[in-house]
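Worksheet: the structure to be examined is printed underneath.
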């Protein structure tokens, strides 16, 4: 990836990782939120944090922001502890706000950003931040008169106004429509290309594919997959076998070797298989008539489901992933 | 530290530009002063001074209390609900600065509120005091607004954005009525006089009444107010800690 460090980019202090978790354990009473989490993010990297609810993403982020202390293990952010990193003003964050706007009432957006920029040692000029977040036209708009998407952009502006080296975004596009999400990530992309480190959590898998340099999938408090989107997809053994076969019997198809699930729509048959070679061989041997056969790899959505065991046959996929896990770890991309 | 200054300035500006807030904080005491001034003869003697002066002190301390309770309570509760307090926690501002800045902003606003009520007394109530007395009165009333600033912030922490406003209003009227700000404590039934002696609102105004009557301010009054300020400050700090650890769990 390109590390184009522009003049506005904060100077880097040393070549260590932007952030590092080693052996971090965090429990809420009997619930284990983080289970010996190990994770490293290089400077300049854009990392997506994926996982079902309760996987430990939010706990990991709140520890990184110094809002909670890990009960065991070690965490470093920009070469120091999370609280010092936050106090130094080199970290920005956009948190989830639930129902609220996340903004104070009765203040113009320009004034809000000016005040916030003064909390930082080396802030970006406010005009530059307004421009980056697409808010130049809204500078005199009071905070209580914003649409949901506009409020979201203001919160993004608040996260970047301090000219941070490292930005955390927790579900930044949660309430946006498709258009809003596309614009948001275009903005984010420009920002990260200045050599900053971006870590974001999301549920939208299409965003991950387009935006992230690397993906970390979490499940039950630890990392189950770690790599570029294509690596993650390849690590999932599920293959999709598609062909045409008028009048095919789904029960019979499900008995073919390696088949996990079979779906028949009219004359179109789709099989999810853990061993596509065996499935095709047994399909031929079964004597079922077919045409236009096609075998494809998993898409990110399937990979995610397989890795986190959200749906489908969690047990089978778990075992398959566990046996493959060493090859999935590709380490830091930078 | 420049960050703290910017944040305080921001809070004060936001309060002073809020028409409803300023209207309540300045309007209530000024209107009540002009309305009730003639309930008694303005020149009637009471507690070593005249009614016009005595009641001006009552309303100035009432104004400072209204401004402080409203500055903290309602606004803080809605900022907690909107997520703004959480956003501030992920800036370089230290965690303690949110509460201290809220209290400081309340105090900054309380000073002009006291001054406006005093000016009303001077221009429309015929109150005449020496320059030194005016200054001492202002200083005493201002400093003794501190427990109310802390109380406002505490309400903002314990109440939701829906319950904060009624709670602040109830506190405002209970404290002022039972503290003897509308009816002189001496005119209250014995039981209520006893109640008043426990309320910070009574001790706040008492310090002012002493100043205008030329008596030295009572150590007892100052002690009670200091006790309230320390106690409320500790409870606020504790609530803030609880909230902080809970909000991100």
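The values are calculated or read from the model by the stated rules, or taken from the named source; none is laboratory data. All of these numbers come straight from a predicted model, not from anything done at the bench. So basically every Cβ, Gly included, is an ideal-geometry build from the backbone, and we count neighbours across all protein chains shown.
Considering only the range A:84-106, state which residues are surrounded by 21 or more Cβ atoms within 10 Å (Cβ to Cβ) and either more than 7 Å from chain B (Cβ to nearest Cβ) or free of Cβ contacts under 8 Å to residues at least 40 places away in the same chain (or both).
Hits for the range A:84-106 are A:85, A:86, A:90, A:91, A:92, A:94, A:104.
Taking residue A:92 and the conditions (1) within 30 Å of residue A:300 (Cα to Cα); (2) out of contact with any helix residue (DSSP H, G or I) (no Cβ under 6 Å at 6 or more places or on another chain), which numbered condition does it fall short on, given that it satisfies the others?
Here residue A:92 clears every test but (2).
Kindly check whether there is at least one residue in the range A:7-18 that is more than 26 Å from residue B:93 (Cβ to Cβ), crowded, with 18+ Cβ neighbours inside 10 Å and at pLDDT 85 or above.
The answer is yes; a qualifying residue exists.
Find the residue count for the range B:92-102, including only residues that are in contact (Cβ under 8 Å) with a residue 60 or more places away in the chain and either away from chain A (no Cβ under 14 Å) or over 16 Å from residue B:156 (Cα atoms) (or both).
4
If you check residue A:48 against the conditions, is it buried (at least 22 other Cβ atoms within 10 Å of the Cβ) and either more than 14 Å from chain B (Cβ to nearest Cβ) or out of contact with any strand residue (DSSP E or B) (no Cβ under 7 Å at 6 or more places or on another chain) (or both)? Walk me through it before giving the result.
Values: buried (at least 22 other Cβ atoms within 10 Å of the Cβ): yes; either more than 14 Å from chain B (Cβ to nearest Cβ) or out of contact with any strand residue (DSSP E or B) (no Cβ under 7 Å at 6 or more places or on another chain) (or both): yes.
Yes; evaluated as a whole, the condition is true for this residue.
Go through the range A:112-126 and give me each residue that's free of Cβ contacts under 8 Å to residues at least 12 places away in the same chain and more than 7 Å from chain B (Cβ to nearest Cβ).
Taking the range A:112-126 first, the residues free of Cβ contacts under 8 Å to residues at least 12 places away in the same chain are A:115, A:118, A:125.
Matches in the range A:112-126: A:125 only.
Confirm whether residue A:150 is surrounded by fewer than 23 Cβ atoms within 10 Å (Cβ to Cβ), within 12 Å of chain B (Cβ to nearest Cβ) and either out of contact with any strand residue (DSSP E or B) (no Cβ under 7 Å at 6 or more places or on another chain) or over 30 Å from residue A:79 (Cα atoms) (or both). Don't jump to the end; show me each part of the working.
Values: surrounded by fewer than 23 Cβ atoms within 10 Å (Cβ to Cβ): yes; within 12 Å of chain B (Cβ to nearest Cβ): no; either out of contact with any strand residue (DSSP E or B) (no Cβ under 7 Å at 6 or more places or on another chain) or over 30 Å from residue A:79 (Cα atoms) (or both): yes.
Taking the combined requirement at face value, the residue does not satisfy it.
Condition first: farther than 21 Å from residue A:158 by Cα and either in contact with a helix residue (DSSP H, G or I) (Cβ under 7 Å, 6 or more places away or on another chain) or within 8 Å of another protein chain (Cβ to nearest Cβ) (or both). Now tell me which residues in the range A:70-83 satisfy that.
Step one: list which residues in the range A:70-83 are farther than 21 Å from residue A:158 by Cα, which gives A:70-76, A:79-81.
Result: A:70, A:75.
Going residue by residue through the range A:191-201, is there one that turns out to be part of a helix (DSSP H, G or I) and farther than 23 Å from residue A:303 by Cα?
Yes: the range A:191-201 contains one or more residues that are part of a helix (DSSP H, G or I) and farther than 23 Å from residue A:303 by Cα.
Being part of a helix (DSSP H, G or I) and either more than 14 Å from chain B (Cβ to nearest Cβ) or out of contact with any strand residue (DSSP E or B) (no Cβ under 7 Å at 6 or more places or on another chain) (or both), is that true of even one residue in the range A:159-177? Even if it seems obvious, please write down each step before you answer.
Residues of the range A:159-177 that are part of a helix (DSSP H, G or I), as a first pass: A:159-160.
With the extra rule that they be either more than 14 Å from chain B (Cβ to nearest Cβ) or out of contact with any strand residue (DSSP E or B) (no Cβ under 7 Å at 6 or more places or on another chain) (or both), the set shrinks to none.
Checking the range A:159-177: not a single residue is part of a helix (DSSP H, G or I) and either more than 14 Å from chain B (Cβ to nearest Cβ) or out of contact with any strand residue (DSSP E or B) (no Cβ under 7 Å at 6 or more places or on another chain) (or both).
Yes or no: the range B:124-145 includes at least one residue that is crowded, with 24+ Cβ neighbours inside 10 Å, part of a loop (DSSP other than H, G, I, E, B) and under 18 Å from the mean Cα position of the chain (by Cα).
The answer is yes, given that some residue of the range B:124-145 is crowded, with 24+ Cβ neighbours inside 10 Å, part of a loop (DSSP other than H, G, I, E, B) and under 18 Å from the mean Cα position of the chain (by Cα).
Go through the range B:1-47 residue by residue and tally those that are buried (at least 16 other Cβ atoms within 10 Å of the Cβ), away from chain A (no Cβ under 14 Å) and within 17 Å of the chain's Cα centre (by Cα).
So the answer is 8.
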